[in-house]
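K.L.:
Here's a structure for you.
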Amino acid sequence: MAYQQPALPYAENALEPHISAKTIGFHYGKHHAAYVNNFNNLVTGTPFDSMSIEEVICTTAGDAQKIGVFNNGAQAWNHSFYWNCLSANGGGKPSGELAAKIDGDFGSFDKFVEELKAAAATQFGSGWAWLVLDNGTLKVVKTGNAQTPITSGQTPLLCVDVWEHAYYLDYQNRRPDYVAATIENLLNWKFAEENYQSAK
């Protein structure tokens with residue numbers, strides 16, 4: 001059963017001026033689509049074909065013989081998750097239970113933002129910065145390349161993509177500027193709250 005690339009939850013130009021329609025066009029239409037196509041081609045006709053993409057990712061993690069399946073599956077999943085982490089009406093601060101949890105686990109919302117920005121800016125090479133729930137505690141983690149927190153039993157609430165294709169057309173080598181613009185203006189706290197409520 002082929003994995004379907006979910007529809008983009010907004011128009012390609014919806015995140016401007018922070019992320020351009022051109023970037024979304026290449027990122028979603030080319031990079032993400034390629035991961036989905038590669039993953040489907042690799043699993044068709046194998047036992048993985050009847051498994052959910054999450055099951056395939058967790059089953060193949062750390063298996064050098066299945067690195068292609070893992071990389072393309074995890075990148076397909078990570079990107080599907082990432083698009084929902086962004087919103088034209090995003091940014092600002094969360095409210096309700098998640099806001100209180102962030103204050104409790106990080107000390108303050110500002111401390112959390114500082115940690116997320118640092119994780120995203122200092123991830124060497126390609127990768128991701130995440131807000132996760134780990135055994136009942138909120139944490140900021142970063143993963144390299146296609147790695148994803150779901151293989152560690154952590155529940156992702158939000159993420160920032162720091163592969164160069166996520167920002168280079170708009171920001172060139174100024175990754176910290178892209179990270180700041182995304183966190184301050186685009187993070188979808190409604191999505192994060194839904195993930196938190198489902199996971200706790």
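K.L.:
Students sometimes get this wrong: rank Thr60, Thr137 by accessible area, probe 1.4 Å, all chains present, largest first. Present the calculation step by step, with values, prior to reporting the outcome.
P.N.:
Working: Thr60 0, Thr137 55 Å².
If we order Thr60, Thr137 from most to least accessible, we get Thr137, Thr60.
K.L.:
Follow-up question, since we're still on this one. Greater than 26 Å separation of Cα atoms is the criterion. Which listed pairs, Lys30/Lys200; Lys66/Lys142; Lys22/Lys117; Lys30/Lys139; Lys30/Lys66; Lys93/Lys142, meet it?
P.N.:
Values: Lys30/Lys200 35 Å; Lys66/Lys142 22 Å; Lys22/Lys117 24 Å; Lys30/Lys139 31 Å; Lys30/Lys66 23 Å; Lys93/Lys142 21 Å.
Over 26 Å apart, Cα to Cα: Lys30/Lys200; Lys30/Lys139.
K.L.:
With a point put 7 Å past each Cα toward its Cβ, work out how far Phe109 is from Gln4 in nm, to one decimal.
P.N.:
3.6
K.L.:
Only loop residues by DSSP count here, and only those with at most 10 other Cβ atoms within 10 Å; note down the trypsin sites (Lys or Arg not before Pro) in the range 16-121 that meet that.
P.N.:
On the way: sites: Lys22, Lys30, Lys66, Lys101, Lys111, Lys117; in loops: none.
Filter output for the range 16-121: empty list.
K.L.:
Oh, and also: If each Cα of the chain is one equal point scatterer, what is log10 of I(q)/I(0) from the Debye formula at q = 0.10, 0.16 Å⁻¹?
P.N.:
-0.40, -1.05
K.L.:
Of all the accessible heavy-atom surface of the chain, with the other protein chains kept in place and a 1.4 Å probe, what percent is carbon and sulfur?
P.N.:
Numbers: 4640 of 9280 Å².
Carbon and sulfur atoms account for 50 percent of the accessible area of the chain.
K.L.:
Shifting gears a bit: For the range 21-85, with equal point scatterers placed on the C-alpha atoms only and solvent neglected, what are the log10 I(q)/I(0) values from the Debye formula at q = 0.18, 0.26 1/Å, to two decimals?
P.N.:
-0.63, -1.09
K.L.:
Along each of its three principal axes, how wide is the spread of alpha-carbon positions in the range 97-200, in whole angstrom units, largest first?
P.N.:
That works out to 38, 28, 21 Å along the principal axes.
K.L.:
Does the range 1-112 come out rounded, prolate or oblate by the C-alpha gyration tensor, with a ≥ b ≥ c the root eigenvalues, rounded set by a/c under 1.5 and, if not, prolate when a/b is larger than b/c and oblate if not? Intermediate results must be reported in sequence, preceding the final value.
P.N.:
Values: a/c = 2.79, a/b = 1.49, b/c = 1.87.
Taking the square roots of the gyration eigenvalues as a ≥ b ≥ c, the range 1-112 is oblate.
K.L.:
Which whole-number value in Å² is the accessible area per residue of the range 96-199, probe 1.4 Å? Intermediate values should be presented prior to the final figure.
P.N.:
Working: 4460 Å² over 104 residues.
Per-residue accessible area for the range 96-199 comes out at 43 Å².
K.L.:
While we're on this one: Determine the gain in length on full extension of the stretch Ala21-Asn173; use 0.36 nm per residue of separation and subtract their C-alpha separation, reporting nm with one decimal. Display every interim value, and only then the final one.
P.N.:
Values: separation 152, 0.36 × 152 = 54.72 nm, distance 1.88 nm.
So the chain would gain 52.8 nm between Ala21 and Asn173.
K.L.:
Oh, and also: Can you pull out the chymotrypsin sites (Phe, Trp or Tyr not before Pro) in the range 25-129 whose DSSP state is coil and whose Cβ has at most 11 other Cβ atoms within 10 Å? Walk me through the numbers before you get to the answer.
P.N.:
Values: sites: Phe26, Tyr28, Tyr35, Phe39, Phe48, Phe70, Trp77, Phe81, Tyr82, Trp83, Phe106, Phe109, Phe112, Phe124, Trp128; in loops: Phe124.
Answer by residue number: Phe124.
K.L.:
Shifting gears a bit: How far is it, in nm, from the label point at Asn89 to the one at Thr122 when both lie 7 Å from their Cα along the line to the Cβ?
P.N.:
In this crude label model, Asn89 to Thr122 measures out at 3.6 nm.
K.L.:
Angle between the Cα long axis of helix 67-84 and the longest principal axis of the chain, 0 to 90 degrees, nearest 10?
P.N.:
40
The values are calculated or read from the model by the stated rules, or taken from the named source; none is laboratory data. What you see is a predicted model, and the numbers here were worked out from it, not measured in a lab. When we count neighbours, we look across all protein chains shown, and the Cβ atoms used for this are built from the backbone with ideal geometry, even at glycine. What goes into the accessible areas is simple: the full protein's heavy atoms, side chains included, and nothing from ligands, DNA or RNA. Shrake-Rupley method; radii C 1.70, N 1.55, O 1.52, S 1.80 Å.
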